[in-house]
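Report on the following structure.
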Amino acid sequence: MNQPELTLVLIGFGNVARRFVKLLSETSDRLDFTWKIVGISTRHHGSVVAPDGIDISRALQTVEGRQSLDRLDPEPRERSGIDVIRQVADAMADEAAEGRLICIETTVLDIDRGEPSVSHVRAALEGQAHVVTANKGPAAFAYHELEALAESVDRVFFFEGAVMDGVPVFNLVRETMPAITVEGFRGVINTTCNFILSELERGTEFERALADMQSRGIAEADPSLDVDGWDAAAKTAALVNVLMGSVITPHHVTRTGIRDVTGMDAREALGRNKRIRLVASASRQGGKVKARVEPELLDHHDPLANLVDLNNALYLTTDLLGEVGIVQRGGSLTQTAYALLSDVSRISQRLKEL
Ligand SMILES: NC(=O)c1ccc[n+]([C@@H]2O[C@H](COP(=O)([O-])OP(=O)(O)OC[C@H]3O[C@@H](n4cnc5c(N)ncnc54)[C@H](OP(=O)(O)O)[C@@H]3O)[C@@H](O)[C@H]2O)c1
């Protein structure tokens with residue numbers, strides 16, 4: 001297959017998904033596939049299914065103008081994300097059978113059970129679609145089940161954007177470190193909290209720094225998920241499930257957020273040449289994996305203490321390679337959108353190799 005023609009259905013059309021479709025257009029001359037979008041589902045902005053392809057500029061204008069996508073649908077009706085996935089899988093049965101249908105799942109993180117995103121992924125795989133998601137929920141709550149389902153239907157379940165945006169954390173290990181055992185990890189993996197802690201050191205108020213992250217579309221839709229450490233706990237659970245082969249959920253992660261860290265705490269630490277950072281970590285202890293997320297007072301020579309503003313880093317402890325670190329300098333929506341694009345591109349590559 002020369003240039004695979006991919007068919008996409010978008011479940012969630014918020015900051016990340018909209019940046020993703022713009023990035024697809026901006027990079028079209030560099031991509032090794034062509035694409036059309038045949039379905040979009042949202043919670044408050046309606047849905048549209050159009051097997052011949054949706055006019056994506058109109059869809060962007062509609063949602064950015066706070067109108068309903070129903071107006072673009074020839075037969076508008078109330079539909080859940082699962083309804084849209086099933087309708088598209090039926091309408092695009094040939095594309096699905098050929099492995100050219102991809103569900104892009106970018107709904108918001110639900111920290112109770114990872115729903116409805118886990119059900120979206122399951123429904124898409126059952127409809128023979130590949131799945132690409134930036135949502136942490138599926139890998140944090142149901143990685144092993146969904147991966148087994150994907151394998152059983154010969155489709156992929158990719159989620160590189162779930163941790164550290166476009167920086168290849170999962171792919172780094174899966175693609176380039178055969179036979180490695182990850183013994184543990186330590187990292188700063190929540191951009192919003194790192195930005196707030198950096199701003200507290202400069203004298204900015206907590207609420208103002210958080211509002212800045214919300215206005216840039218980086219904070220979670222419910223920012224308490226960032227501040228209370230839930231987002232980092234979900235990422236930690238995903239890393240443990242995928243890289244360490246254990247089976248946990250975010251609720252198994254011992255968790256303290258940054259809500260109680262004051263500007264005075266942050267500046268006092270800096271005055272002593274130290275820094276407070278929200279650290280996510282996991283290690284094997286007596287056959288079990290212990291995972292935690294908590295603010296730590298770090299010495300200045302700790303590599304995690306050098307991370308300011310939007311920077312993230314993850315250090316893996318491995319049996320054969322020792323400690324391996326990966327640093328992200330400045331996360332943004334473009335990086336998250338790039339994670340989706342890179343996962344889609346891997347699917348295209350896979351089709352070309354058939
Ligand atoms: N923003 C980032 O920098 C970033 C980075 C890495 C990962 N992520 C993850 O990426 C995902 C998307 O983030 P975002 O910033 O794009 O969030 P967002 O702007 O809040 O968009 C979420 C989208 O999902 C839709 N949605 C919510 N529940 C739905 C449901 N049950 N069925 C169908 N659609 C539903 C929303 O519809 P309405 O708008 O109509 O309610 C909206 O279109 C989240 O899981 C987030 O954790 C985000």
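On the given criteria, is Pro116 surrounded by fewer than 24 Cβ atoms within 10 Å (Cβ to Cβ) and within 13 Å of the ligand (Cβ to nearest atom)?
Judged against the criteria, Pro116 is a match.
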### Task
Just name the residue that is surrounded by the fewest Cβ atoms within 10 Å (Cβ to Cβ) out of those in segment 5-46 that are modelled with pLDDT of 95 or more, assigned to a loop (DSSP other than H, G, I, E, B) and more than 15 Å from the ligand (Cβ to nearest atom).
Thr27
### Task
Exactly one condition in (1) under 22 Å from Glu207 (Cβ atoms); (2) surrounded by 15 or more Cβ atoms within 10 Å (Cβ to Cβ); (3) among the charged types (D, E, K, R) is not met by Glu268; state its number.
(2)
### Message
Which residue is surrounded by the most Cβ atoms within 10 Å (Cβ to Cβ), if the candidates are limited to segment 181-208 and must be among the small types (Gly, Ala, Ser) and closer than 30 Å to Gly287 by Cα?
### Response
Gly187
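I'd like the full set of residues that are in contact with a helix residue (DSSP H, G or I) (Cβ under 7 Å, 6 or more places away or on another chain) and among the charged types (D, E, K, R), limited to segment 101-122.
Residues satisfying the conditions are Glu105, Asp110, Arg113, Arg122.
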### Task
Quick one: which helices (runs of 4 or more DSSP H) lie wholly within segment 196-266 and hold at least 3 residues that are touching a Lys or Arg at 6+ places or on another chain (Cβ under 9 Å)?
230-243
### Message
Can you say whether Pro178 is away from the ligand (no atom under 16 Å from the Cβ), surrounded by fewer than 21 Cβ atoms within 10 Å (Cβ to Cβ) and in the same structural domain as Asp265 (by TED's automatic domain parsing), as far as the supplied structure shows?
### Response
yes
### Task
Inspect all residues belonging to segment 270-283 and state whether any of them is part of a helix (DSSP H, G or I) and within 24 Å of Pro138 (Cα to Cα).
no
### Query
Any idea how many residues of segment 151-164 are surrounded by 19 or more Cβ atoms within 10 Å (Cβ to Cβ) and without any contact (Cβ under 8 Å) to a residue 60 or more places away in the chain?
2
### Message
Among the residues of segment 63-75, are any of a type outside the set (D, E, K, R) and crowded, with 23+ Cβ neighbours inside 10 Å?
### Response
no
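The values are calculated or read from the model by the stated rules, or taken from the named source; none is laboratory data. Keep in mind the model is a prediction, meaning the values are calculated, not measured. Virtual Cβ from ideal backbone geometry, glycine too; neighbours counted across all protein chains shown.
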